[in-house]
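Structure, as structure tokens:
Throughout, read-outs are computed from the coordinates displayed, never taken from laboratory work. Since we're looking at a predicted model, the values are computed, not measured. Neighbour counts are summed over all protein chains in view; Cβ atoms, including those assigned to glycine, are modelled from backbone coordinates with ideal geometry.
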Amino acid sequence: MMPRLNGYEFIERVGTIPVKRPHIIVFTAAGKRGVDKIPPDAICASILKPFDLEKFIELIGECLDHGEMPHK
């Protein structure tokens, strides 16, 4: 749980920053229900908790290799 804003508000605010960086969203099972609220170009990838650390590291590498948002 984030203390001051929820994940969707966070994504909105990050989207206003002029420098574009790839973002990976980590969901809980409950939070995954709202994935359709996220604009398709707002994130590079998403992963569901609990996740495999090696898979998470692979996602980071893919996002960094592609620079901007290659996939969801």
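Can you give the FRET efficiency to the nearest 0.05 for GLU62 and ARG4, using r as the Cβ-Cβ distance and R₀ = 25 Å?
About 0.25, to the nearest 0.05.
Obtain the nm distance between the two label points defined at GLU54 and ILE24 by a simple spin-label model: each point lies 7 Å from its Cα along the Cα-to-C-beta direction.
1.5
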